[in-house]
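Quick one: this structure, given as structure tokens, is what I'll be asking you about.
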Amino acid sequence: MTKDSSGADIVEAAWLELLGCDRVGAELVAAAYAEPQMRQLFSWAGMCELRFSRCTEFRWTWEVSYVRPAAGPDHSGAYYVAGPPLIQKIGTAATGQEAVAQAGVA
């Protein structure tokens, strides 16, 4: 990216990087990318979490929900949806598509 890159270019570049990333499940990233409202947000992977921001510059904002793999033996392949405050639980989802639907964009 250049200093003259638009916000849309920066967002798209972040998504392309995420689509090739192995820090977050490919199913989850593909589901989020397929959702037009989510695809407009800057996205990044952190600590196995899929995060979204309306801001493209570091320090990203935290006003959008996030998704991470659910913990525990009963949640294999499931996702945990939370936020925007880190402690606010939204729910769990069996698939990436369900998780993205729960995360939504307000």
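The values are calculated or read from the model by the stated rules, or taken from the named source; none is laboratory data. On a predicted model such as this, the values are computed, not experimentally measured, just so you know. Backbone-built Cβ (ideal geometry, glycine too); neighbour counts: all protein chains shown.
Since Ala30 meets every condition but one in (1) over 15 Å from Val64 (Cβ atoms); (2) at pLDDT 90 or above; (3) in contact with a strand residue (DSSP E or B) (Cβ under 9 Å, 6 or more places away or on another chain); (4) among the small types (Gly, Ala, Ser), which condition does it not meet?
Condition not satisfied by Ala30: (3).
Among the residues of the stretch 6-16, is any at pLDDT 85 or above, charged (D, E, K, R) and not in a strand (DSSP E or B)?
yes
Quick test of your reading of the structure: Gly25 fulfils all but one of (1) in contact with a strand residue (DSSP E or B) (Cβ under 6 Å, 6 or more places away or on another chain); (2) at pLDDT below 90; (3) crowded, with 16+ Cβ neighbours inside 10 Å. Name the failing condition by number.
(1)
Also, I was wondering about something else. Please specify each residue of the stretch 18-53 satisfying the condition of being in contact (Cβ under 8 Å) with a residue 24 or more places away in the chain, of a type outside the set (A, V, I, L, M, F, W, C) and assigned to a strand (DSSP E or B).
The answer is Ser43, Glu49.
Every residue in the stretch 1-56 that is of a type in the set (Ser, Thr, Tyr) and under 17 Å from Ala103 (Cβ atoms), please.
Matches in the stretch 1-56: Tyr33, Ser43, Ser53.
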